[in-house]
Amino acid sequence: MLELLAALLVLHLSCIALLLAATINNAWWMTNKVSTDIWARWTLQADGGWNYTEIPNVSAKEYLQAVQASSVLACIFCILGLIVFVAQLYTLPKGRRFIFTAAFQLMACVCIMIAASIYTDIFHKDEADGWYGVSFVLAWISVCLTLVSSVIYCTMRKKTV
Amino acid sequence: MLSVLALTSVVLLGIVSQTTAIVVYTSWEKHALVGTDVRLSCSFFSWQWTSPDVTFSWQYRADGAKEGISIFHFAGGAPYQDSKGPFRDRLEFVGNPSRRDGSILIKNVDFGDNGTFTCDAKNPPDIAGHPSSVRLLVFEKVPVQAGVITGAIIGVVLGLLILIVAIYYLMRFLVARRVFSLSMSKHGKKGKGKEGSQQKQKPKVPLVFISF
């Protein structure tokens, strides 16, 4: 059943893509003039250009670094999960489940959930003008996707033709 | 051949010691809390022996000021502190000139001490060289440097992961080896029956058509 294998790979690759987009793009919180978050802040200038500046010294700097660390770890675990999945395809005995891969995906899910939860609870709670940006939405979507992926890996068994 | 090499190296060393300048070393930046004491270290490298006429001089240029003022001078074996400027009574010489150390201690720093301190050392006859500067930054609360916590968290988690995986494989290896040696000693060549459970560790699965 090559289609199942292909579908699993597509799911895993899209998890990686979403996680990378959420981590790298500085768009967790946006207003009309500002697109900010977890690494730096983009400010819209009067002449139409965007300026890349540091996030101003808020009181919750340590939490921001925790969000950074968690989301980077989620990316790392997801990519490692892909490598482990390919390795397990070749080394797993017949009839066994892909537990190792599922464990990595679950760790990625937990990490990105930690990152998204900390960010939701600590930052920009009292700011009325502004909305959550692309990266924030992608982070929460990756929580679901990695969880689904992990559950699927837990139920798959290795079979040789 | 060897003598030619030795001669060349001696000549080169002679040339080099005449033409290189003195090199002064200080820190790049110093961070300090308000009210604490700060030690500004200054040291130099010179091809000549440390002469008894070695001199150190420190200058201070405040943030936003155009020129610097001299605040400290060491010459002829004695230190001379500035008794009129912003650092009167707050500056102490804690260096050891015979060991090429010209460090000063500034006590009770305040926000007005933010600025650049320049150290210039001269070791006669080696006097040509650039002075070196250290920036002093005074904080109310020592800030968390960007990325320290991030790096620490990532490092710890990855380290734990590697440790757990290593321990897991080590346990498997040890158990397999112990079981193998046990079966070897009991049954000679053929390990029978009850130790068959270790077989699941190392299958040779063909690489053809892997699917579900």
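The values are calculated or read from the model by the stated rules, or taken from the named source; none is laboratory data. The structure presented is a predicted model; accordingly, all values stated were derived computationally and were not measured. Don't worry about glycine lacking a Cβ; one is built from the backbone with ideal geometry, like all the others, and counts go over all protein chains shown.
Collect the residues in the stretch A:21-67 that are of a type in the set (S, T, N, Q) and either in contact (Cβ under 8 Å) with a residue 12 or more places away in the chain or away from chain B (no Cβ under 13 Å) (or both), keeping them in residue-number order. Within the stretch A:21-67, A:THR23, A:ASN25, A:ASN26, A:THR31, A:ASN32, A:SER35, A:THR36, A:THR43, A:GLN45, A:ASN51, A:THR53 meet the criteria. Check whether at least one residue in the stretch A:99-107 is touching a strand residue (DSSP E or B) at 6+ places or on another chain (Cβ under 8 Å), within 25 Å of A:VAL151 (Cα to Cα) and of a type in the set (Phe, Trp, Tyr), and report yes or no. Among the residues of the stretch A:99-107, not one is touching a strand residue (DSSP E or B) at 6+ places or on another chain (Cβ under 8 Å), within 25 Å of A:VAL151 (Cα to Cα) and of a type in the set (Phe, Trp, Tyr), which makes the answer no.
Do we find that B:VAL208 is within 13 Å of chain A (Cβ to nearest Cβ), at pLDDT below 85 and either touching a Ser or Thr at 6+ places or on another chain (Cβ under 7 Å) or not in a strand (DSSP E or B) (or both) in this structure?
Here the answer is yes, as B:VAL208 does meet what is asked.
List the number of the failed condition for B:GLY85; all other conditions in (1) surrounded by fewer than 15 Cβ atoms within 10 Å (Cβ to Cβ); (2) closer than 22 Å to B:ARG135 by Cα; (3) within 27 Å of the chain's Cα centre (by Cα) hold. Of everything listed in (1) surrounded by fewer than 15 Cβ atoms within 10 Å (Cβ to Cβ); (2) closer than 22 Å to B:ARG135 by Cα; (3) within 27 Å of the chain's Cα centre (by Cα), B:GLY85 misses just condition (3). A Cβ distance below 9 Å, combined with a sequence gap of six or more or placement on separate chains, defines the contacts here; from the stretch A:1-18, residues that are under 13 Å from A:VAL148 (Cα atoms) reach residues that are aliphatic (A, V, I, L, M) and modelled with pLDDT under 90 in the pairs A:LEU8/A:MET156.
When the stretch A:27-73 is filtered for residues that are at pLDDT below 90 and within 14 Å of the chain's Cα centre (by Cα), only A:ILE38 remains.
Scanning the stretch B:96-108 for residues that are crowded, with 21+ Cβ neighbours inside 10 Å and in a loop (DSSP other than H, G, I, E, B) yields a single hit, B:GLY102.
Filtering the stretch A:68-82 down to residues that are aliphatic (A, V, I, L, M) and facing chain B (nearest Cβ under 9 Å), which residue is farthest from A:ASP126 (Cα to Cα)? Reasoning before the result, please.
Applying the first criterion (aliphatic (A, V, I, L, M)) to the stretch A:68-82 yields A:69, A:72-74, A:76, A:79-80, A:82.
Checking which are facing chain B (nearest Cβ under 9 Å) leaves us with A:69, A:72-73, A:76, A:80.
Details: A:ALA69: 24, A:VAL72: 27, A:LEU73: 28, A:ILE76: 32, A:LEU80: 38 Å.
Once the filter is applied, the top-ranked residue is A:LEU80.
Quick check: is even one residue across the stretch B:76-99 more than 16 Å from B:THR50 (Cβ to Cβ), more than 14 Å from chain A (Cβ to nearest Cβ), among the hydroxyl-bearing types (Ser, Thr, Tyr) and touching a residue at least 12 places away in the same chain (Cβ under 8 Å)? Within the stretch B:76-99, not a single residue is more than 16 Å from B:THR50 (Cβ to Cβ), more than 14 Å from chain A (Cβ to nearest Cβ), among the hydroxyl-bearing types (Ser, Thr, Tyr) and touching a residue at least 12 places away in the same chain (Cβ under 8 Å).
Checking each residue in the stretch A:18-51 for being among the acidic types (Asp, Glu) and within 21 Å of A:MET113 (Cα to Cα) picks out only A:ASP37. Looking only at residues in the stretch A:125-161 that are among the aliphatic types (A, V, I, L, M), out of contact with any Ser or Thr (no Cβ under 7 Å at 6 or more places or on another chain) and within 14 Å of chain B (Cβ to nearest Cβ), the one that is farthest from A:TYR63 (Cα to Cα) is A:MET156.
If you check B:ILE164 against the conditions, is it surrounded by 17 or more Cβ atoms within 10 Å (Cβ to Cβ), within 13 Å of chain A (Cβ to nearest Cβ) and modelled with pLDDT of 90 or more?
Considered against the rule, which asks whether it is surrounded by 17 or more Cβ atoms within 10 Å (Cβ to Cβ), within 13 Å of chain A (Cβ to nearest Cβ) and modelled with pLDDT of 90 or more, B:ILE164 comes out as no.
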